[in-house]
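Trainee: Sharing a structure, written as structure tokens. Questions coming.
The values are calculated or read from the model by the stated rules, or taken from the named source; none is laboratory data. Everything numeric in this text was worked out from a predicted model, so none of it was measured. Cβ atoms come from the backbone with ideal geometry, glycine included; neighbour counts cover every protein chain shown. Each accessible area value is taken on the protein alone, full model and side chains, heavy atoms only, with ligands, DNA and RNA left out. Shrake-Rupley method; radii C 1.70, N 1.55, O 1.52, S 1.80 Å.
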Amino acid sequence: MGVTQSFPRVSLSRERVVIITGANQGIGYHTAKWIAMMGACVIIACRSEGKARQAIDQMNVEFKEEKSKGTEGIADLEELNVIFMKLDNASLKSVMSFVSEFKATGFKLHTLVCNAGIGIHKQEYTEDGHELIYQVLIC
């Protein structure tokens, strides 16, 4: 068994805007990286700016590696178009701030990937009075 391409790599317009929640690690990270490598503008929406910046730096390192290997289906860019925007789904105030900040960019949203989540955890409630796990997954 060898490694094979598991998804179609198609060229995406630089104007295509994709928001991915929880994209600083795991599945969200790889989803953001590959969508950006195909050319789209990706907004990483997560709580930690530090972790998001590290993820963006790592994405660019991996992008350069893929380019040097001659990987097919990736965009001819110098650097990935990945932007951090703060979003904490455990706070509806943060969600509303994110929405206002996104609207202020003038971008049109083409795709939203709701990937944020939290692991198994004791029952807690958000400042909004909702069960934490439920609010994070639904927002």
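Trainee: Roll a 1.4 Å probe over the protein heavy atoms and report the accessible area of Val82 in Å², nearest 10.
Mentor: 20 Å²
Trainee: For the pair Met96 and Asp57, what calculated FRET efficiency results from E = 1/(1 + (r/R0)^6), where r is the Cβ-Cβ distance and R0 = 25 Å, to the nearest 0.05?
Mentor: Efficiency at R0 = 25 Å is approximately 0.30.
Trainee: In what sequence, largest accessible area first, do Ile133, Ile56, Ile138 appear using a 1.4 Å probe?
Mentor: The ranking, largest first, comes out as Ile138, Ile133, Ile56.
Trainee: A follow-up question, please. With axes computed from alpha carbons, what is the tilt in degrees of helix 26-37 against the longest principal axis of the chain, rounded to the nearest 10 within 0 to 90?
Mentor: The angle comes out near 50 degrees.
Trainee: Now for a different question. Roll a 1.4 Å probe over the protein chains and send me the accessible area per residue for the chain in Å².
Mentor: For the chain, the solvent-accessible area averages 62 Å² per residue.
Trainee: In addition: Over the heavy atoms of Arg47, what accessible area does a 1.4 Å probe trace out, to the nearest 10 Å²?
Mentor: 150 Å²
Trainee: Related question: Rolling a 1.4 angstrom probe over the protein chains, ignoring ligands and nucleic acids, what is the accessible area of Ser68 in square angstrom, nearest 10?
Mentor: Around 100 Å² of this residue is reachable by solvent.
Trainee: Once you compute Rg and the Kirkwood Rh from C-alpha atoms, what is the Rg to Rh ratio for the chain?
Mentor: Here the Rg-to-Rh quotient is 1.01.
Trainee: Can you tell me, using C-alpha contacts under 8 Å and at least 6 residues apart, the relative contact order of the chain as a whole percent?
Mentor: 28 percent
Trainee: Per-residue ellipticity at 222 nm for the chain, helices alone: DSSP H runs ≥ 4 residues times -39500 (n - 2.57), over residue total, nearest 500 deg cm²/dmol?
Mentor: After summing the helix terms and dividing by residue count, I get -12500 deg cm²/dmol.
Trainee: For a 19 Å ceiling on Cα separation, which of these pairs sit above it: Lys64/Lys86; Lys51/Lys86; Lys51/Lys108; Lys33/Lys67?
Mentor: Violating the 19 Å Cα-Cα cut-off are Lys64/Lys86; Lys51/Lys108.
Trainee: On to the next question. What does the extension gain come out to for Arg9 and Thr111, with contour length at 0.36 nm per residue minus their alpha carbon separation?
Mentor: Once the chain is fully extended between Arg9 and Thr111, it gains 35.1 nm.
Trainee: Sticking with this structure for a sec: In the range 1-104, carbon and sulfur make up what percent of the accessible area (probe 1.4 Å)?
Mentor: 52 percent
Trainee: Sorting Cys114, Cys41 by accessible area (1.4 Å probe), largest first, what list results?
Mentor: Cys114, Cys41
Trainee: On a 1.4 Å probe surface of the protein chains, which of Lys33, Lys69 comes out largest in accessible area, and what is the full order?
Mentor: Lys69, Lys33
Trainee: Give the relative contact order (percent, whole number) for the range 1-65; include only Cα pairs under 8 Å separated by 6+ residues.
Mentor: Relative contact order here is 33 percent.
Trainee: For the chain, find the longest principal axis of its Cα atoms and tell me its angle to the long axis of helix 49-69, 0 to 90°, nearest 10.
Mentor: The two axes meet at around 20 degrees.
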